[in-house]
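Notes for the one structure printed next.
The values are calculated or read from the model by the stated rules, or taken from the named source; none is laboratory data. Computed from a predicted structure; not experimentally measured. Counting neighbours? That spans all protein chains shown, and the Cβs are built from the backbone with ideal geometry, glycine included. All accessible areas refer to the heavy atoms of the entire protein, side chains included, with ligands and DNA or RNA removed. Shrake-Rupley method; radii C 1.70, N 1.55, O 1.52, S 1.80 Å.
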Amino acid sequence: MKKLHLVGMVMVVLVLIFYFGDFTLARSETHASVQTVGVRNTNATFNEGFCVYPDSPFGGLVASELRARGHRVLTLSAPVECDGQFLAVWVEWVNVSYLPVLSKGHVLAVAIYSSAGDPTPYLKYMNATDKKKALLKLEGTKKPQFQTHIIAEVSDESEGFIALRGYHDYLLRQAAKAIADQVEGIRRGGQR
């Protein structure tokens, strides 16, 4: 009876570790694809640094990724005009099929960018009744800027010892890297 009780306790501890733990000891095959729609006004202004909205866990990952690449980053609690490049980011959906030794996941993350720190493209999207159509359409503004909508899709298949929270965080970090790659490429010569 004691042996059975001990085995049961070990199983409960293992389940808790794999469910609530934040570790990945795995081999991953990750693919990211990015779609963009952009409008560039004549003499577009590119402010220094980034203003990332919202101040959320995913916004924090994107901000951290940009900071790690040497950029000045400010996180915003409201979509307001700023002296950096405005970047609104969010996760549209996450889909994970999870086993502790084999996991598959997909993330769809979206970003709306303005090189001049203008939140207007984001506010127009938020007020649109048809969000899908709004993501594919941008209107020029009088302000000289480059605007773009970024849709990043990350898919992954990982084998090894993986905690559920660790795998979820891994997928979000990959989506944050895909968005950071895209916004860095904008200034260097347009969309990537």
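Could you list, in sequence order, all residues of the range 130-144 that are in a loop (DSSP other than H, G, I, E, B) and of a type in the set (A, V, I, L, M, F, W, C)?
Going through the range 130-144, the residues in a loop (DSSP other than H, G, I, E, B) turn out to be 130, 136-144.
Residues satisfying the conditions are L136, L138.
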Would you be able to tell me the number of residues in the range 65-81 that are open to solvent by 70 Å² or more (accessible area, probe 1.4 Å) and among the polar types (S, T, N, Q)?
-> 1
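Kindly establish whether S114 is of a type in the set (S, T, N, Q), surrounded by 13 or more Cβ atoms within 10 Å (Cβ to Cβ) and closer than 25 Å to T30 by Cβ.
no
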Residues of the range 55-64 that turn out to be open to solvent by less than 40 Å² (accessible area, probe 1.4 Å) and not hydroxyl-bearing (S, T, Y), as a count = 5
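Residues are listed down the side, and each one gets a yes or a no for (1) within 22 Å of G60 (Cβ to Cβ); (2) open to solvent by 10 Å² or more (accessible area, probe 1.4 Å):
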| site | (1), (2) |
| --- | --- |
| F86 | yes, no |
| V96 | yes, yes |
| P100 | no, yes |
| G105 | yes, no |
| A109 | yes, no |
| Y122 | yes, yes |
| M126 | yes, yes |
| G140 | no, yes |
| I151 | yes, yes |
Those residues that are part of a helix (DSSP H, G or I) and out of contact with any strand residue (DSSP E or B) (no Cβ under 6 Å at 6 or more places or on another chain), I need them from the range 157-175; list them, please.
-> R165, H168, D169, L172, R173
Kindly indicate which of V91, V110 is in contact (Cβ under 8 Å) with a residue 60 or more places away in the chain and assigned to a strand (DSSP E or B).
-> V91
E81 passes all but one of (1) farther than 23 Å from K137 by Cα; (2) without any contact (Cβ under 8 Å) to a residue 40 or more places away in the chain; which number fails?
-> (1)
